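Below: the structure, in structure tokens.
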Amino acid sequence: MGLLRLLLIVVLASVTRGACGAEIVGNSSEGLLEFSVGKFRYLELKKPFPEEAILRHISSNVTFVIFQIHSQYQNTTISFSETLLPNASETGTDKGLVSILRPEQSMCTWHLETLDPEPVQNVAIPLSYSESDPIPGGCNLEFDVDIDPNIYLEYNFFETTIKFAPANLGYARGADPPSCDVKMGPDSRWRLQYDVYQYFLPENDLTEEVLLRHLQRMAEVPQVQANAVKVVTLTADDKTSVSFSSLRGQGVIYNVIVRDPFLNTSTAYVPTHTYACSFEAEEGNCSSLVRLIVTAIAGSIGGIFLVAAWWRFGVLTLCMLCVGLVLGFLVASVAFFTPLGNLKIFRVDAVFWVTFSCIAIFIPVVFMGCLRILNILSCGFIGSYSVVLAVDSYLYTSLSYITLNILRRALHVDFRRAFVNVPFQTNDFIVLAVWGMLAVSGITLQIRRERGRPFFPPHPYKLWKRERERRVTNILDPSYHIPPLRERLFSRLAQIEGLFQKEQPAGERTPLLL
């Protein structure tokens, strides 16, 4: 009976810790990780050795604390207690828990561990908020934890989607939380707004140190607003899910700031990151050979078109129009690569494809009467862009997404809802300058070379008509004496028939005597 009573006390103690860990009385025991509000701390977790994080001297005007921990690709578990419960723990690379403080409480603890066989490098921080600040994930109905401040991320080749639980209004210590769905007036959580932010890591940099350092710029509200780009603002009526175009091998950090416009307060969710690739799995690995294949193809195409731009390239009119259509496709892709592609009206497939097709067709239609200029411009721009694609495979710039995003839109139905933002950093400016230099030099050389020369390529019908007239008027031309085609065909058939006829006897075969 005494053992059962002791077990009941232990269970009750665990339940009490579910809100914010246990209050620790007296001096901290050995092995505790001391944290301060708003201060990042680096730590290393190993599989057999869990750690306990502690935050002391919490101010009385603080009503809840968000403790978050981040790693690059190895999972970390954060929990309110040593016993891992589904509704009191989170496991992943970017996870956090909301600790609702009780009256007179000034201390919180969290348990940290990893099941990965290799040591995991982490960065963690506790952030405090008052009763006027909205509580991220306070109206969670989808995920396991009752109050879930985390952003859940999924990605594939086409798009990256983030999801998060709706927030609730803040409240004082010891008070009951506001109801989530009883009323929808201005004094309820339906007045809250959600700003979704996107932050790009340096291109072609997959190091752990860079990620953990830049994550520190996306944890608190002022830093997020100063460093990241706001993509969209959602209201409480909108679905708490946003899609972006996947950028394979490019580090991206996402975060959501929930704002209370009535009290002018705001709170940040726990930021999450992705490279749209895997560091461990063989399929979809970040060091895939796809870029090398693209390099070979793009380099070959670029070489052909640059030769076409710098040397005489006699092609038929139909081929020139096709090349012009490719140029129109490239121009239309560039047009939808600016904020223009993120406009709400172009999320409708009919509007998007009609507008895109009109832009693509407009280029060859305008130059229909100047096919030579059309060919020169097409070869210059397309050839130089193909070279840019080859360079992109090594420098990991964003210019390849000019055409890739259009192909994704054509192949994937749900891509129309994705925002197509890409980073534009130092490498992009350099490659953009190279693209412009190659295009201008190719076009200039071709125009100078063709100046004063006959229009090329000559129209096939005009060539045939000119040759026919020449033969009719010039009787000294040997081709003038060539028999008509009909007579030549009959002559050839007669020769063929003679090959299959037997030799006839010539009569007397004896030599004549003189």
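The values are calculated or read from the model by the stated rules, or taken from the named source; none is laboratory data. Quick caveat: nothing in here was measured; it's all calculated off a predicted structure. Neighbour counts are summed over all protein chains in view; Cβ atoms, including those assigned to glycine, are modelled from backbone coordinates with ideal geometry. Note: areas computed on protein heavy atoms with side chains; ligands, DNA, RNA excluded. Shrake-Rupley method; radii C 1.70, N 1.55, O 1.52, S 1.80 Å.
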- Note on the structure: Scalar couplings 3J(HN,Hα) for region 183-197 by Karplus 6.51 cos²θ - 1.76 cosθ + 1.60 (θ = phi - 60°), nearest whole Hz, x for Gly and Pro, are 9, 10, x, x, 9, 10, 5, 6, 7, 6, 10, 10, 9, 9, 10
- Message: Please compare each pair in LYS95/LYS163; LYS183/LYS344; LYS183/LYS230; LYS39/LYS230; LYS163/LYS230 to a cut-off of 18 Å on the Cα-Cα distance and tell me which ones are over it.
- Response: LYS183/LYS344; LYS183/LYS230; LYS39/LYS230
- Förster radius 60 Å - calculated FRET efficiency between ARG451 and THR235, Cβ distance, rounded to 0.05: 0.50
- Query: Could you give me the ³J(HN,Hα) list for region 259-276, computed from phi with Karplus coefficients 6.51, -1.76, 1.60 and θ = phi - 60°, whole Hz, x at Gly and Pro?
  - Reply: 10, 9, x, 6, 9, 6, 10, 7, 9, 9, 6, 7, x, 10, 9, 7, 10, 6
- Per the 1/(1 + (r/R0)^6) rule, R0 = 22 Å and r from the Cβ atoms of ILE430 and VAL210, FRET efficiency to 0.05 is 0.65
- Length gained when the stretch GLU104-ALA172 is fully extended (0.36 nm per residue, less Cα-Cα span): 23.3 nm
- Item | With every protein chain in place, region 26-137: carbon and sulfur % of accessible area (1.4 Å) | 48 percent
- Query: Applying 1/(1 + (r/R0)^6) with R0 = 41 Å to the Cβ-Cβ distance of GLU280 and SER36, what FRET efficiency is obtained, to the nearest 0.05?
  - Reply: 0.75
- Express in nm, to one decimal, how much length is gained between ARG416 and THR338 on full extension, taking 0.36 nm for each residue of separation and deducting their alpha carbon distance. 26.5 nm
- With labels modelled as points extended 7 Å from the Cα through the Cβ direction, what inter-label distance (nm, one decimal) is found for ARG466 paired with LEU263? 8.4 nm
